[in-house]
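Below you'll find the structure, written out as structure tokens, and then a few comments.
The values are calculated or read from the model by the stated rules, or taken from the named source; none is laboratory data. None of the values given here were measured: they were computed from a predicted structure. Backbone-built Cβ (ideal geometry, glycine too); neighbour counts: all protein chains shown. Areas reflect the complete protein model, heavy atoms only, side chains present, ligands, DNA and RNA absent. Shrake-Rupley method; radii C 1.70, N 1.55, O 1.52, S 1.80 Å.
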Amino acid sequence: MQKNDKIENENISLFTVSVIGGGLAGLSLSILLGRAGYKTILFEKEKYPFHKVCGEYISLESWSFIERLGLNLSGLGLPIIKKLVVSSPNENVIETKLDLGGFGISRFFLDNELKKIALETGVIIYEETKVTDVSFDDEIFSVQYNGGELFSKIVAGSFGKRSNLDLKWNRNFVKEKPNKLNNYIGVKYHVKNNHAADTIALHNFHNGYCGISKIENGKSCLCYLTTAKNLKDSHNSIKEMEEKILFKNSFLRKIFVESEFIFEEPVTISQISFEKKSRIENRVFMLGDAAGMIAPLCGNGMSMALHSSKIAFENIHLFLTGRISREVMESNYIKTWNKEFELRLRNGRMIQRFFGKEKLTNFFIGIIKPFPFIINHLVKATHGKTFF
Ligand SMILES: Cc1cc2nc3c(=O)[nH]c(=O)nc-3n(C[C@H](O)[C@H](O)[C@H](O)COP(=O)(O)OP(=O)(O)OC[C@H]3O[C@@H](n4cnc5c(N)ncnc54)[C@H](O)[C@@H]3O)c2cc1C
């Protein structure tokens, strides 16, 4: 049966845009589309609100954009972070003021607030619904999910670092053998302690780094990235790994020992990859981490996810109003994405290689200690300008 007949005969919905994955990229795109009057559906496999592995430090470059989406950040009394402290595994310390800086907010809170705004703009949200495949034919996408199928004119994939769809589509980065850019794990806790509200600290340890900064309601987010090997060498026990490896940096030991932990168990993810990814796959727009993930220590992944959605929206809008063809929409998106983010990703990969290794980190921090402004140059190399 032809798609159009199927839509009519079987009463299957035709949406203008389907968005797969309701993190920051998917939610922000949905809000922009909903507000512009497009019939939009967002699929999220989890149920809001939920915790996510993330350092929860957002660069101030996206403050105005988030407010424009409809979230009154100014009224939330969030910690504004203007100072960076970095320690090396051998406990050399650098302190510097951040030129732009950031703010702290939990994903549990932020994503849920954006979800409420998306609903208000008329977006339909299917929670606890996993998309299992997408195909494109005759200018229409078919979206299959656990529970059914629907059609849409455009599909955006904002399904994060690694999803069932990456495997289903056999994307290049999932085919890579484990290497220095693709076999990381992330662990996150919310804790209560006396960490300074204006400071983000980044403590390095053997094959990893751990960030701590304040979020809403006086809590702190304590989050680290390390290699799968570190966990394996600790009999796959997070606790053993922390005590055996992280605690060798006494700053970390102090934080872990003196904090009150709010979760019983940490939130964790594995198989994090910083490999290159395609910006369009199977005619689907890739947004946020699905298009390319910057090393977490750069603290810019969330802003990039939000900004990529803004760029996608601008091009989708031009296509839907008949001003450009589908091909031009796709190539414009790729061009603008590359111009905005490619250099940041490259710099992020270079920094990730550096900070992953104990001796190199010790050497690097030792060398630049008298010149802390160099850190600000590195931060700038992985950040963009304010957008809204
Ligand atoms: C350890 C660590 C620390 C970090 N710290 C920071 C930081 O301090 N600052 C910063 O800016 N960035 C940080 N990042 C990066 C940041 O978390 C990401 O860049 C950001 O979350 C990307 O947003 P996203 O919307 O692309 O993906 P996500 O927020 O991951 O959202 C993807 C969503 O898609 C859903 N999904 C997946 N597959 C499907 C499917 N098939 N169907 C339906 N739903 C699906 C998932 O459930 C998820 O909710 C960190 C990352 C890590 C790993």
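Dipole magnitude of region 97-157 about its Cα centre, charges +1 at Lys/Arg Cβ and -1 at Asp/Glu Cβ only, in debye to the nearest 20? Display every interim value, and only then the final one.
Details: 6 positive and 11 negative charges, 81 e Å.
In debye, rounded to 20, region 97-157 gives about 400.
Find, among the trypsin sites (Lys or Arg not before Pro) in region 29-136, those assigned to loop by DSSP (not H, G, I, E, B) with at most 12 other beta-carbon atoms within 10 angstrom. Passing sites in region 29-136 are LYS47.
Distance between the 7 Å Cα→Cβ label points at HIS235 and SER270: 1.7 nm. Among the listed pairs LYS97/LYS335; LYS254/LYS277; LYS175/LYS357; LYS188/LYS385; LYS232/LYS380, a Cα-Cα separation exceeding 31 Å is found for LYS97/LYS335; LYS254/LYS277; LYS232/LYS380. Dipole check for the chain: with +1 at the C-beta of Lys and Arg, -1 at the C-beta of Asp and Glu, and the Cα centre as origin, the magnitude is about 1220 Debye.
Between LYS116 and ASN90, the modelled labels are 5.1 nm apart [label points 7 Å from Cα along Cα→Cβ]. In loop segments of region 355-387 as defined by DSSP, the chymotrypsin sites (Phe, Trp or Tyr not before Pro) with at most 16 further C-beta atoms inside 10 Å of their C-beta are PHE387. Largest accessible area first, the residues HIS203, HIS235, HIS377 order themselves as HIS235, HIS377, HIS203 under a 1.4 Å probe with ligands, DNA and RNA left out. Of the solvent-accessible surface of the chain, computed with a 1.4 Å probe over protein heavy atoms with every protein chain present, carbon and sulfur atoms account for 52 percent.
Summed over the residues of region 276-346 and divided among them, the accessible surface reaches 37 Å² per residue at a probe radius of 1.4 Å.
Summing +1 for each Lys or Arg and -1 for each Asp or Glu, what net charge is found among the other residues whose Cβ lies under 12 Å from the Cβ of ILE324? Present the calculation step by step, with values, prior to reporting the outcome.
On the way: positive: ARG323, ARG326; negative: GLU314, GLU327, GLU330.
Net charge in that neighbourhood comes out at -1.
Given R₀ = 30 Å, FRET efficiency for PHE263-GLU176 by Cβ-Cβ distance, to 0.05?
Numbers: r = 32 Å, r/R0 = 1.06.
Calculated transfer efficiency: 0.40.
Each of LEU150, ILE200, SER234 was scored by the projection of its Cα onto the charge dipole of region 107-244, and the greatest displacement toward the positive side belongs to SER234; charges sit on the C-beta of Lys, Arg, Asp and Glu. Taking a straight line from the alpha carbon of LYS276, these aspartates and glutamates sit under 14 Å away, with near neighbours fewer than eight places off in the same chain left out: ASP166, GLU176, ASP289, GLU342. Once the Cα atoms are used to define both axes, helix 24-35 deviates from the longest principal axis of the chain by about 40 degrees.
Loop exposure criterion: GluC sites (Glu not before Pro), DSSP state outside H, G, I, E and B, at most 11 other Cβ atoms within 10 Å. Applied to the chain, the longest stretch between such sites is 11-138.
Keeping all protein chains in place and using 1.4 angstrom, which order do THR16, THR132 fall into by accessible surface area, from largest down?
If we order THR16, THR132 from most to least accessible, we get THR132, THR16.
Counted by Cβ distance under 11 Å from CYS223, the other residues give a net charge of +2, where Lys and Arg count +1 and Asp and Glu count -1. Can you classify region 1-127 as rounded, prolate or oblate using the Cα gyration tensor, where a ≥ b ≥ c are the square roots of its eigenvalues, rounded means a/c under 1.5, and otherwise it's prolate if a/b beats b/c and oblate if not? Because a/c hits 1.5 or more and a/b exceeds b/c, region 1-127 counts as prolate.
Charge dipole (Cα centre; +1 on Lys/Arg Cβ, -1 on Asp/Glu Cβ; no other charges) of region 168-260 amounts to roughly 480 debye. If you take the alpha carbon atoms of region 188-336 and fit the smallest convex hull around them, that volume is 145 Å³ per residue.
Sites listed here are chymotrypsin sites (Phe, Trp or Tyr not before Pro) in region 220-298 whose DSSP assignment is loop and whose Cβ has at most 11 other Cβ atoms within 10 Å: PHE263.
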